[in-house]
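K.L.:
Handing you a structure now.
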Amino acid sequence: MARDTEQARTEGTGTPKRGSGSSHVYKILRNEIIDLKLAPGSPMDELQLADRFSLSRTPIREALVRLSVEGLITTLPNRATIVSTIDFLHLPQFFDALTLMYRVTTRLAAGHHSADDIVRMRGKQEEFTRAVEARDALALIATNRDFHLEIARAGGNSYYTELFVRLLDENRRILRLYYSSFNDELPRKYVTEHDQMIAAIAARDVEEADRLASAHAEQIVTQIQSYITADKRINAHMSL
């Protein structure tokens, strides 16, 4: 318990709070999993993690429960816990659903948004732009999610919003691959696409908003597919 208290103090809280050690572990492991620093299939051993973070097993276990709820770690039948694998087998279904949600939510936003919705979209776009300029992949994933969440909320259909957020959250590592394909230096034209989507929504141009959202999704899907399937074998084309 003393170690938990000390950990809470090092987080700058001044006064230790219950669960602060667990939150600290959760945030670090979550970022490492999304950033692929912890590879799919890596073991998540409570004792090793307790030693790494200088905490008791209780906050470690609490952090692992949160990661499990998010689908980032998996407990196997033999009770071993690992970083969840990436489901490449069902990737086409993910792409199909992702593209549909980009289009549906953007169309609805163009038809139903309020002036305040546009203000919030622009605010999230500013955050996304700063993440692009900083080449911060984790911030890119988070701010991109928040930007499209504002668009979905502006559409006024909570079911579509929940589904879209689920897609963006459950496949953050796939989106990490997307940014990795650019070496985290995202071309400026992809930032511009967000601006164009906001403009179409603000103008209540449903068809243009749909076209932009479809094109935006298409380039994401194409880029991820090309990155995953690229032939990186060193000796594949060697003359013998």
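The values are calculated or read from the model by the stated rules, or taken from the named source; none is laboratory data. Being a predicted model, the structure only gives us computed values, none of them experimental. Heads up: the accessible areas ignore ligands, DNA and RNA and are worked out on the full protein's heavy atoms, side chains in. Shrake-Rupley method; radii C 1.70, N 1.55, O 1.52, S 1.80 Å.
K.L.:
Limited to region 196-221, what total is found for residues that are closer than 18 Å to Gln93 by Cα and open to solvent by 70 Å² or more (accessible area, probe 1.4 Å)?
P.N.:
Summing the residues that are closer than 18 Å to Gln93 by Cα and open to solvent by 70 Å² or more (accessible area, probe 1.4 Å) in region 196-221 gives 1.
K.L.:
Next question. Which condition number in (1) open to solvent by 50 Å² or more (accessible area, probe 1.4 Å); (2) at pLDDT below 95; (3) assigned to a helix (DSSP H, G or I) is the one that Gln7 fails?
P.N.:
Going through the list (1) open to solvent by 50 Å² or more (accessible area, probe 1.4 Å); (2) at pLDDT below 95; (3) assigned to a helix (DSSP H, G or I), Gln7 breaks only (1).
K.L.:
Just one of Ile60, Ile86, Ile82 is open to solvent by less than 90 Å² (accessible area, probe 1.4 Å), under 30 Å from Ala213 (Cα atoms) and aliphatic (A, V, I, L, M); which is it? Working first, answer last.
P.N.:
On the way: Ile60 fails: under 30 Å from Ala213 (Cα atoms); Ile82 fails: under 30 Å from Ala213 (Cα atoms).
Just a single option satisfies the conditions, and that option is Ile86.
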